[in-house]
1. Among the residues of segment B:31-47, is any modelled with pLDDT of 95 or more and within 14 Å of chain A (Cβ to nearest Cβ)?
2. Look at segment B:9-54 and say how many of its residues are over 16 Å from A:Asp132 (Cβ atoms) and within 12 Å of ligand 2 (Cβ to nearest atom).
3. For A:Gly78, state whether it is out of contact with any Pro (no Cβ under 9 Å at 6 or more places or on another chain) and more than 15 Å from A:Ala159 (Cβ to Cβ).
4. Considering only segment B:121-237, give the helices (runs of 4 or more DSSP H) lying wholly within it that have at least 1 residues that are within 16 Å of ligand 2 (Cβ to nearest atom), buried (at least 18 other Cβ atoms within 10 Å of the Cβ) and within 14 Å of chain A (Cβ to nearest Cβ).
5. Of the residues that sit in segment B:31-52 and are within 23 Å of B:Thr70 (Cβ to Cβ) and open to solvent by 10 Å² or more (accessible area, probe 1.4 Å), which one is nearest to ligand 1 (Cβ to nearest atom)?
6. Could you run through segment A:115-155 and say how many residues are surrounded by 23 or more Cβ atoms within 10 Å (Cβ to Cβ) and modelled with pLDDT under 90?
7. Does at least one position in segment A:159-166 carry a residue that is without any contact (Cβ under 8 Å) to a residue 60 or more places away in the chain and within 12 Å of the chain's Cα centre (by Cα)?
8. If you take the residues in segment B:53-84 that are under 16 Å from B:Ser3 (Cβ atoms) and assigned to a loop (DSSP other than H, G, I, E, B), which one is farthest from the other protein chains (Cβ to nearest Cβ)?
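The values are calculated or read from the model by the stated rules, or taken from the named source; none is laboratory data. Bear in mind that the values here come from a model prediction, so they are computed numbers and not experimental data. Every residue, glycine as well, gets a Cβ built from its backbone with ideal geometry; the counts of neighbours run over all protein chains shown. For accessibility, only protein heavy atoms count, side chains too; no ligands or nucleic acids. Shrake-Rupley method; radii C 1.70, N 1.55, O 1.52, S 1.80 Å.
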Amino acid sequence: MSDYSDGFWAAWKLIITLDPDLYEIIFLSLQVTISAVIIASIIGLPMGAWLAVNRFKFRRYAIAVLNALMGLPPVVVGLFVYMALSRAGPLGGFGLLFSPAAMIIAQVIIITPLIASISHQTIRDLWAEYHDLLISMNATRTQRIKALLWDGKRALLTATLAGFGRAIGEVGAIMIVGGNIEHATRVLTTAIALETGKGNFAFAMGLGLVLIVLAVMINLLIHIVGKTERASTW
Amino acid sequence: MVSILPLKLTDATAHMRGKKLVGPVSLTLAPTGFTMVIGPNGAGKTTLLRLMHGLQRCTGGEVVWAVPATQARDRQGFVFQSPIMMRRKVADSLAYPLRLRGMGKAAALEKVAQCAGNFGLSELLESWAPMLSGGEKQKLSLARALITEPEILFLDEPCANLDGRATREIESILRQVQARGTRLVMSTHNMGQAKRLADDVIFMLGGKVHEHAESEGFFEASSTPEAKAFINGDIVE
Ligand SMILES: Nc1ncnc2c1ncn2[C@@H]1O[C@H](COP(=O)(O)OP(=O)(O)OP(=O)(O)O)[C@@H](O)[C@H]1O
Ligand SMILES: [Mg+2]
């Protein structure tokens, strides 16, 4: 029991005294995850919209594949990215393994299907509503996708936040491709795993608290955005 | 610019999943006038308008404008039976069709302000379009379809949910629009309205054009018993 309370107070002290090691890890986590979310949104949001608006032969399969990709075990993603980026791999020449860039790549692969899938559902519903109007107004394909993304922006923000939530808490893939190197690729989740293993509970709990606060904030944001979305459509 | 009219339908037919909805329909819409499409529920009025506008694919026969279909599209307007409201402010909804045509933001908003005045929407420009009342939505739909100054405007029961005053407002707008030379094609269940506005009448029954006649002749001395019964308010199968 004293382990918990001691750890808890020590953790608060680290947070309040702006412990440089702790904050370095927090900032790297945010930097990696925010970059991944931005890249995944740039790919995933239009991809979801495109799948919702276009009829083509293998559309059903494409959507099934997308949903299957959402369920990819992150550890396996980590393994594939590791193999691709390792010296002998097809992208080995870039020397990205064990760098934040490698972690960003892994996170992008993990959350793009999630963002694309939520975006697809949102845009599909909006498209059903707008279809006749946009066709009647003779909007081009690109114009249609733009209008749908713009008018569905609140729901799409929810998709982006869900992607953030998944990425910030991810540990398996990040551990494999980042290597959890101190001052280089150590992020919240991998640091917690390491410090817990070493029995350094104060530091682990400090990190854990920050992670919890971030996760709760994201879920609150999703809730608020969802609420205004419903209010404004009605 | 060459007019997109007349519009000529030759045995135009619409199927949906093997079921015939409308047709075969053959008729010509002259370059001017106000055509009223009437008939009981499910007769195919909406489908016929959609077929003409190109929202419904022809599965048989053809719908031909005086210019290629790709050029004709931009010069038509359509007001739907149930208004489709974009999730935007009224001003942005009105500006949207202009922006689609490449008009700059400032020019579009200027035109929007002017157009809103004509439709009594000036007070509502900053309102969220999906929150408007049914009548206001219908007026916004009409303004949005007219803001690009189409040569032909299709209206699918635009006054279905409106009270007498709102209906009169819409009718007076439509008269002005017609006076400016816009071709009008509208469906309605309101016989009084059909008599007031129509130059010619298309009477639909069971997916076919049962009768297409000048308004006066149609209402005074219709040639078929079904049309007579419908005008009198009897149930027609
Ligand atoms: N998308 C569709 N799929 C299947 N059937 C359809 C579809 N759209 C219309 N129909 C059918 O086509 C027929 C004509 O419908 P339409 O909406 O054109 O009638 P309407 O004259 O406009 O009726 P109302 O006065 O009720 O608006 C109806 O029997 C309807 O059920
Ligand atoms: Mg109808």
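1. yes
2. 9
3. Criteria met by A:Gly78.
4. In segment B:121-237, the matching helices (runs of 4 or more DSSP H) lie at B:134-146.
5. My answer is B:Thr47.
6. Within segment A:115-155, residues that are surrounded by 23 or more Cβ atoms within 10 Å (Cβ to Cβ) and modelled with pLDDT under 90 number 0.
7. Yes; the residues of segment A:159-166 include at least one that is without any contact (Cβ under 8 Å) to a residue 60 or more places away in the chain and within 12 Å of the chain's Cα centre (by Cα).
8. Here the answer is B:Ala66.
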